[in-house]
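The values are calculated or read from the model by the stated rules, or taken from the named source; none is laboratory data. The structure presented is a predicted model; accordingly, all values stated were derived computationally and were not measured. No Cβ is skipped: glycine too gets one built from the backbone with ideal geometry, and neighbour counts run over all protein chains shown. Please note that ligands, DNA and RNA were not included when accessible areas were found on the heavy atoms of the full protein model with its side chains. Shrake-Rupley method; radii C 1.70, N 1.55, O 1.52, S 1.80 Å.
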Amino acid sequence: MLDRLLSHEPKPGILGWLLTTDHKRIALLYFWSIITAFILGGIFALLIRLELFFPGKTIVDPDLYNRIFTLHGVIMVFMVIVPAIPAILGNYLIPLMIGARDVAFPKLNLLSYYIYLLGAIIILSSVLFGAVDTGWTFYTPYSIKTGGGVLIALFGVFVIGFSSILTGLNFIVTIHRLRAPGLSWGKLPLFIWASYATSLMNVIATPVIGITLLMLILEKLFGVGFFDPTKGGDPIMFQHFFWFYSHPVVYIMILPAMGIISEIIAVHSRKKIFGYWAMAAAIFGIAFIGFIVWAHHMFTSGMSDVARWIFSFLTFFVAVPTGVKMFNWVATLYKGSIRLTTPMLYAISFLFLFSIGGLTGLWLATISTDVYLHDTYFVVAHFHYVMVGGAITALFGGLFHWFPKITGRMYSEFWGRLSAIFVFIGFNLTFFPQFLLGMQGMPRRYWDYLPEFTLLNQISTIGAFSIALGALISLITLFVYWKKGEKVGDNPWKGATLEWQTSSPPPYYNFKEIPHVEHGPYDFEIFRKKEKEQV
Amino acid sequence: MIWMLNLFPKITSSYGKEVDNVFWFIFWISLIFFLIVQVAMFYFIFKYRNRREEEVSDIEGNNLLEITWTVIPTIILIVIFFYGVYVFDNFQRRPPANAIEIKAYAYQWWWQFEYPNGYKIRDTLIVPVNKPIKLIMTSNDVIHSFYVRNFRIKEDLVPGRYTWTWFKATEPGIYDIQCAEYCGTLHSKMIGYVKVISLEEYNAWLASLSKEMDLSALSPVERGAKIFQNKGCSACHSVDGSRMVGPTFKGLYGRDAEVVVGGKEERIKSDENYIRESILNPNAKIVKGYPAIMPSYQGQLSEDEILSLIEYIKTLK
Ligand SMILES: [Cu+2]
Ligand SMILES: [Cu+2]
């Protein structure tokens, strides 16, 4: 019975969705869940900004405020940004891009989705069990002392981690084993390289956060004393454990975004990626260095001075491959034919915001300036430029870029571009003032602030609503044109990667016949040749 | 360049300028890189917008260029690293040997400073101008962070270990201490002050303190009142009936106290023994409706001092 239900045959009706093993449908299940979480996290973000509109109490009391920013962080990191690109676009595109009929383990893929859902529900239900007010970092000993809801939230994050691990394993095997004939490593789209590196990081790093959270759960339940100084534990050790995962997670969030940006820029400027191998190598450079820099989050934690020097030194090397990627993207534009479509506007916005996010990291990598800026709004601005300006911008660009693939229809360029512009302006309005706030000395996670910080906080709040408006326009555009959009054929962008070589939307098994790959992912000359032949 | 200085709070410590210099050094380098990338990007977008497909060039890369933009940034990054470590090591982590050592303790959500002569003061750190001060810090509950923006210093206070930072204030005045590590409900209200005064004023203040701290000539009640101030009880207890973090001392002696003992509520009469136990072992009986956060004074108060405190409390009717 179960066997039949989980068989590969398409099933009718709602079961066809809930028990599907089709990677495309699973991707869409993730899409709906993650978008729901994104809206929820966004509402919490707006509440934070509202509270900070005036110093002192604006709408909520400090305790409630602390819970709101904790939920905002936990939802956005663990339920949205970490899974978003791999689980939605990765799931949808990886098999298509490598000419496979599905991922290597379709049933495991469905299981990963349900684990994600379970974890997400557990995290959200934690609010019923008391205050979760630790911030998404769960620092000890505060997290040991505070309310019981933290226990549930930790468990939810622990569960959701397995979804990342299983998805990672699945992708690694898929990319190794299921490439179409002729698709050598050198012909892989950069999005595949990025997904591959991300999956590796997920498989290596996620178990560490699992163990850490488990230790914290044991500590809270049974008072074991790993991290509690009154029991002989060490709270700084928790920070080491935590950042050993949570620094790589920054790259888990940004690498897939970089993959998307490479695809969009190549297709919409009709040009080969400049320095393909350097771009692929940079992905792995970032992934590798990402593992050995975690303690740069701890320059004021009381860690030894020598450790501070070493981690500062290592951190600078993340900037090298990141710089290579920036330069190569811009060089790709040179002598191309650039179309300012919605995905391209999001990609340009990425290149702008991500360079600010990346460069402001230099002040935080340098010990002497980090001591001043650490735990201020400068840090908040920096990581939002990277996570939202980078990862979320790329996600939206990707959703628009592959929208005709997924639906077979075209969205409205007018509304699409408008959303990109609103998000871009709103984003800078929200987060640029936060750099200034940090420089002037406003610490983060503050419910109240000194009166001289008022104006900048108010600008930031206004910007946040502009982002919300932009995100809303883009989501509504996607929903409306999903049904209403004009049919545009299989390959409206004239993409050269494999996902465009089948019908849009793709059939159940992706390809009528598995393609034999002869050209690289960005060889747009083939279209030029074809056109010439037709004339 | 005056407009830029306004981006930062005024520097009133000896090495604040060094830190800001590092900031601006990185700023100019970043700005140059940012402009190179963005100007090129917008120029290309403008110039190659909607060209015909046939005009697209087939460039696949350029080794020389790619090596250039790997090697040059690497060198610049290493320079930034060394500059940062130089300032960190030579200024931020190098207190002069003659620095005055003051201890700093963090509680949820207030600061306490202890002077070499044993005097404790809440929330306001009083220091002389132009004298190096080294703070030896720890926390009594969760992690906090001592952050004085005008001095450009920040260091966490961690329970179970000591951390330190130092500064030399260069201008008399009052500067905010903000807590920079999230520590719960009133994290944003955990504001203290550094009061910088001239050396003469400071010495006069210290002298008045040591007179104040020499309690032998006083009566037990007067001595109790002083201890109440000096040992920081006044941070949590009032004497006028108002509710603070802890219950008021007004009418404490002889009242019927509702306490929680091992989870069970009990009614007891507040007498000398109860008060003594409350000071030395505060968690044995917890006053109903209050958090169990009072630190134990075991080993910090002599029997004689505890008796004086009790005599003082008896007078608060
Ligand atoms: Cu604090
Ligand atoms: Cu705090």
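Structural remarks
- Answer residue from the range B:105-147, given it is open to solvent by 10 Å² or more (accessible area, probe 1.4 Å), of a type in the set (A, V, I, L, M) and more than 14 Å from every other protein chain (Cβ to nearest Cβ) and is nearest to ligand 2 (Cβ to nearest atom) among those: B:Ile121
- B:Thr185 being at pLDDT 95 or above, surrounded by fewer than 23 Cβ atoms within 10 Å (Cβ to Cβ), assigned by TED's automatic domain parsing to the domain that holds B:Tyr115 and among the β-branched types (Val, Ile, Thr): no
- The range A:502-513: number of residues that are surrounded by fewer than 16 Cβ atoms within 10 Å (Cβ to Cβ) and either touching a residue at least 24 places away in the same chain (Cβ under 8 Å) or of a type in the set (Lys, Arg) (or both): 5
- For the residues A:Trp415, A:Trp447, the requirement of being within 14 Å of chain B (Cβ to nearest Cβ), more than 14 Å from A:Val380 (Cα to Cα) and not aliphatic (A, V, I, L, M) singles out A:Trp447.
- Consider the range B:163-181 and keep the residues that are away from ligand 1 (no atom under 16 Å from the Cβ) and of a type outside the set (A, V, I, L, M, F, W, C). The one that is nearest to the other protein chains (Cβ to nearest Cβ) is B:Tyr175.
- In the range B:122-134, the residues that are within 15 Å of ligand 1 (Cβ to nearest atom) and farther than 14 Å from B:Cys179 by Cβ: B:Arg122
- Residue match in the range B:292-310 (condition: aromatic (Phe, Trp, Tyr) and open to solvent by 40 Å² or more (accessible area, probe 1.4 Å)): no
- Among residues of the range A:223-234 that are at positive phi, those with a Cβ under 9 angstrom from a residue that is open to solvent by 50 Å² or more (accessible area, probe 1.4 Å), sequence gap 6+ or separate chain, pair up as A:Gly223/A:Lys231; A:Gly225/A:Lys231; A:Gly225/A:Gly232; A:Gly232/B:Gly160.
- Applying the criterion of at least 2 residues that are more than 8 Å from chain A (Cβ to nearest Cβ) and modelled with pLDDT of 95 or more to the helices (runs of 4 or more DSSP H) found wholly in the range B:1-104 leaves B:16-47, B:63-87.
- Number of the condition not met by A:Pro95 [criteria: (1) buried (at least 18 other Cβ atoms within 10 Å of the Cβ); (2) at pLDDT below 95; (3) in contact with an Asp or Glu (Cβ under 8 Å, 6 or more places away or on another chain)]: (2)
- Enumeration of residues in the range A:511-535 that are closer than 29 Å to B:Glu60 by Cβ, more than 11 Å from every other protein chain (Cβ to nearest Cβ) and at pLDDT 85 or above: A:Phe511, A:Ile514, A:Pro515, A:His516, A:Val517, A:Glu518, A:His519, A:Pro521
- Within the set B:Pro172, B:Pro220, the sole residue that is modelled with pLDDT of 95 or more, of a type outside the set (Val, Ile, Thr) and in contact with a Ser or Thr (Cβ under 9 Å, 6 or more places away or on another chain) turns out to be B:Pro172.
- Looking only at the range A:333-354, residues that are surrounded by 24 or more Cβ atoms within 10 Å (Cβ to Cβ), hydroxyl-bearing (Ser, Thr, Tyr) and either under 19 Å from B:Tyr43 (Cβ atoms) or within 18 Å of the chain's Cα centre (by Cα) (or both) come to 1 in all.
This table checks each residue for (1) under 29 Å from B:Ser145 (Cα atoms); (2) free of Cβ contacts under 8 Å to residues at least 40 places away in the same chain; (3) open to solvent by 20 Å² or more (accessible area, probe 1.4 Å); (4) within 16 Å of ligand 2 (Cβ to nearest atom).
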position	(1), (2), (3), (4)
B:Gly173	yes, no, yes, no
B:Glu181	yes, yes, no, yes
B:Trp205	yes, no, yes, no
B:Ser208	no, yes, yes, no
B:Ala217	no, yes, yes, no
B:Ala225	no, no, yes, no
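- Index of the failed condition, A:Lys231 passing every other in (1) surrounded by fewer than 23 Cβ atoms within 10 Å (Cβ to Cβ); (2) away from chain B (no Cβ under 14 Å): (2)
- Test: residue in the range A:433-454 that is under 21 Å from A:Ala347 (Cα atoms) and not in a helix (DSSP H, G or I): no
- The residues of the range B:156-171 that are more than 16 Å from ligand 2 (Cβ to nearest atom) and among the charged types (D, E, K, R), listed by number, are B:Arg161, B:Lys168, B:Glu171.
- For B:Val196, the requirement of being more than 9 Å from chain A (Cβ to nearest Cβ) and not in a helix (DSSP H, G or I) is met.
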